[in-house]
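The values are calculated or read from the model by the stated rules, or taken from the named source; none is laboratory data. Worth saying up front: this structure is predicted, and the values here are computed from it rather than measured. For neighbour counting, all protein chains shown are included, and Cβ atoms are generated from backbone atoms with ideal geometry for every residue, glycine included.
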Amino acid sequence: MYTTKIANKLFFGLCFFVLFTQEQLNAQIVIGTPNLGFSQACASDSFNTYSTTFVFSPDSALNSSNQFTIEMSDADGDFSEATVIYTSSQGSVTTSPATLDFSLPETTAGENYKIRIKSNAPAATSSSSMAFAAYYKIQDSPFTINNLVSTAAYCSGGNYLLTIDNPGSGTNDSPLNYPSLTFNWFKETGPTTSVFVADGNTLSVIDGGTYFVETNYGTCTSNSFSNRVTVTEVSSGEAEAGISSSLGNPFCPGSGVTILTTLTGNSYQWFKNGAVIPEATNQMYETNESGTYAVQVDLGSCSATGAIELVSELFEASINVSEVNTIEEDESLSVYITTTANNPEFEWYLDAILITDTTEDNYEATESGIYKVVVSETSGCIASREFTFEINEAIDPFPDVEKIPNVVSPNGDGFNDTWIIPTKYVNGTDTNVMIMTNRGKVVLKTDNYLNNWPETDLNLTSINQVFYYVITTSGDETKKGSITVVR
């Protein structure tokens with residue numbers, strides 16, 4: 001009886017061991033080498049989805065909690081510090097073959113990446129995929145070097161430094177803003193060919209030629225490249241100094257000032273239309289005006305000169321009235337604007353206040369004051385021009401005053417600027433008017449006085465001057481007195 005019990009226990013233990021071993025065998029899977037759906041991966045912010053297909057067996061061995069992961073090696077194919085670039089949801093992948101999508105990290109840059117597939121329930125790892133080139137193009141637009149100058153020069157025996165511009169602003173998305181990037185410099189060997197010369201953020205040129213730099217994205221093509229700079233070695237005489245305009249040429253003044261830049265030197269002098277621009281002695285010069293700009297650059301043992309015909313895209317416009325205008329009471333002044341602006345808009349102001357009910361290219365002005373009209377181009381080159389003009393009420397040159405004044409203040413304020421006498425003594429009355437200094441020198445003698453003395457500058461000092469007048473009518477009536485001219 002005792003022996004039978006021991007035999008039964010051994011039998012049940014053996015069955016349990018067989019069942020456990022069988023379950024363990026069934027809980028193992030083999031994952032095949034991942035097949036890539038691409039030959040190289042050139043990712044960017046606009047595209048970063050890639051796929052891989054793999055097989056595994058048997059399907060039935062997967063636990064309901066199983067997850068597949070995709071691991072990516074380093075740029076040399078080493079998985080010792082692998083990066084997980086995809087993890088499936090639990091139990092979401094149950095049949096073979098399977099296709100998974102993944103994205104590249106932004107730090108990806110190299111020619112020999114590999115991936116492998118892993119599962120966790122049960123645990124298994126595939127062999128690695130074929131090696132492939134992979135880059136994340138974090139910056140993928142053209143950028144500038146040496147402030148977009150197209151030509152440069154250095155004195156014989158010296159060198160010229162080419163640098164990537166930084167920081168990025170406006171249309172220049174500088175790749176230096178992305179510390180993980182590296183760069184390759186090239187020298188042109190033909191219209192469509194070039195040769196690699198060096199890597200790094202800068203290039204010291206000791207051999208003339210045309211150079212440019214590209215962000216290092218390996219075998220991936222990209223738009224991350226610079227402008228070309230033609231560098232010349234100067235043995236004697238003057239070299240050509242290239243000048244670039246930050247807003248292009250022609251440029252739109254509505255975008256602000258354009259920055260003219262020339263090659264690097266020891267000192268600079270800028271000119272406009274052949275005349276020296278005082279204090280314009282830096283490598284860069286700001287302007288919003290058209291014209292012929294030139295520069296002289298001291299390179300040390302040699303020099304360079306350059307010029308640019310800078311053209312503004314500012315539209316043409318003109319106004320039909322003078323800066324100062326006069327109208328009589330109940331009269332008006334017709335003002336017209338002629339312009340070549342695209343889709344122009346017009347704003348009219350009187351004494352700095354917007355005239356809200358006027359938006360046309362003409363205005364009938366009836367009030368005195370200072371007017372301004374702003375003409376704006378609303379498509380193409382967004383810019384504006386303004387014109388100012390003044391309207392004054394007509395002044396009666398022969399007002400009917402009662403008395404002969406004895407004080408005049410010719411200061412241009414429009415009040416008491418000239419000696420105005422009663423109308424019975426002025427032009428047309430055959431009256432003789434004579435004005436003398438205090439020493440008897442005659443400064444005015446006329447039979448047709450126009451209320452216009454003094455017409456010229458009397459060279460007044462800080463002391464008021466006194467003059468004397470004699471008015472003699474046709475009937476021999478005489479009026480005498482003094483005139484004090486005050487400042």
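Scan segment 228-239 for residues that are under 24 Å from Gly291 (Cβ atoms) and buried (at least 17 other Cβ atoms within 10 Å of the Cβ) and jot them down.
Ala239
What pairs can you find where one residue is in segment 432-457 and closer than 10 Å to Tyr468 by Cα, the other is in a loop (DSSP other than H, G, I, E, B), and their Cβ atoms are less than 7 Å apart, with a gap of 6+ or different chains?
Hits for this filter: Ile435/Trp453.
Which one is surrounded by the fewest Cβ atoms within 10 Å (Cβ to Cβ), of the residues in segment 319-340 that are of a type in the set (A, V, I, L, M, F, W, C) and more than 12 Å from Asp361 (Cβ to Cβ)?
Val324
Confirm whether Thr95 is assigned by TED's automatic domain parsing to the domain that holds Gly306 and either touching a Leu at 6+ places or on another chain (Cβ under 7 Å) or touching a residue at least 24 places away in the same chain (Cβ under 8 Å) (or both).
no
Identify all residues within segment 415-430 that are assigned to a loop (DSSP other than H, G, I, E, B) and out of contact with any Pro (no Cβ under 8 Å at 6 or more places or on another chain); write none if there are none.
Of everything in segment 415-430, those that are assigned to a loop (DSSP other than H, G, I, E, B) and out of contact with any Pro (no Cβ under 8 Å at 6 or more places or on another chain) turn out to be Phe415, Pro422, Val426, Asn427, Gly428, Thr429, Asp430.
Within segment 167-181, is even one residue outside the structural domain of Phe68 (by TED's automatic domain parsing), among the charged types (D, E, K, R) and in a loop (DSSP other than H, G, I, E, B)?
Yes: one or more hits.
So which of Val443, Val433, Val374 is surrounded by 11 or more Cβ atoms within 10 Å (Cβ to Cβ), part of a strand (DSSP E or B), assigned by TED's automatic domain parsing to the domain that holds Ser332 and in contact with a strand residue (DSSP E or B) (Cβ under 7 Å, 6 or more places away or on another chain)?
Of the residues listed, the single one that is surrounded by 11 or more Cβ atoms within 10 Å (Cβ to Cβ), part of a strand (DSSP E or B), assigned by TED's automatic domain parsing to the domain that holds Ser332 and in contact with a strand residue (DSSP E or B) (Cβ under 7 Å, 6 or more places away or on another chain) is Val374.
Out of segment 347-364, which residues are surrounded by 12 or more Cβ atoms within 10 Å (Cβ to Cβ), in a loop (DSSP other than H, G, I, E, B) and within 32 Å of the chain's Cα centre (by Cα)?
Scanning segment 347-364 gives a single hit, Asp361.
Has segment 379-389 got at least one residue that is modelled with pLDDT of 95 or more, within 30 Å of Glu455 (Cβ to Cβ) and outside the structural domain of Pro253 (by TED's automatic domain parsing)?
Checked against the condition, which is being modelled with pLDDT of 95 or more, within 30 Å of Glu455 (Cβ to Cβ) and outside the structural domain of Pro253 (by TED's automatic domain parsing), segment 379-389 yields at least one hit.
If you go through segment 115-137 one residue at a time, do you hit one that is assigned to a loop (DSSP other than H, G, I, E, B), of a type in the set (Lys, Arg) and out of contact with any Phe, Trp or Tyr (no Cβ under 7 Å at 6 or more places or on another chain)?
Checked segment 115-137: no residue is assigned to a loop (DSSP other than H, G, I, E, B), of a type in the set (Lys, Arg) and out of contact with any Phe, Trp or Tyr (no Cβ under 7 Å at 6 or more places or on another chain).
Suppose we filter Ile471, Ile382, Ile421 for residues that are more than 30 Å from Asp361 (Cβ to Cβ) and touching a residue at least 60 places away in the same chain (Cβ under 8 Å); which single one remains?
From the options Ile471, Ile382, Ile421, the qualifying one is Ile471.
Have a look at Asp140, Asp101 and point out the one that is of a type in the set (Asp, Glu) and closer than 30 Å to Leu260 by Cα.
Asp140
Could you check how many residues of segment 104-133 are closer than 15 Å to Val55 by Cα and among the polar types (S, T, N, Q)?
Of the residues in that region, 6 qualify.
Examine segment 400-416 for a residue that is in contact with a helix residue (DSSP H, G or I) (Cβ under 9 Å, 6 or more places away or on another chain), surrounded by fewer than 12 Cβ atoms within 10 Å (Cβ to Cβ) and without any contact (Cβ under 8 Å) to a residue 24 or more places away in the chain, and state whether such a residue exists.
Yes, there is a match, as at least one residue in segment 400-416 is in contact with a helix residue (DSSP H, G or I) (Cβ under 9 Å, 6 or more places away or on another chain), surrounded by fewer than 12 Cβ atoms within 10 Å (Cβ to Cβ) and without any contact (Cβ under 8 Å) to a residue 24 or more places away in the chain.
Considering only residues that are of a type in the set (A, V, I, L, M) and in a loop (DSSP other than H, G, I, E, B), look in segment 262-312 and name the one that is nearest to Ser245 (Cα to Cα).
Val311
Just one of the numbered conditions (1) assigned to a loop (DSSP other than H, G, I, E, B); (2) under 21 Å from Tyr154 (Cβ atoms); (3) of a type outside the set (D, E, K, R); (4) over 24 Å from the mean Cα position of the chain (by Cα) is not true of Val197; which one?
Evaluating Val197 over (1) assigned to a loop (DSSP other than H, G, I, E, B); (2) under 21 Å from Tyr154 (Cβ atoms); (3) of a type outside the set (D, E, K, R); (4) over 24 Å from the mean Cα position of the chain (by Cα) leaves (1) as the failure.
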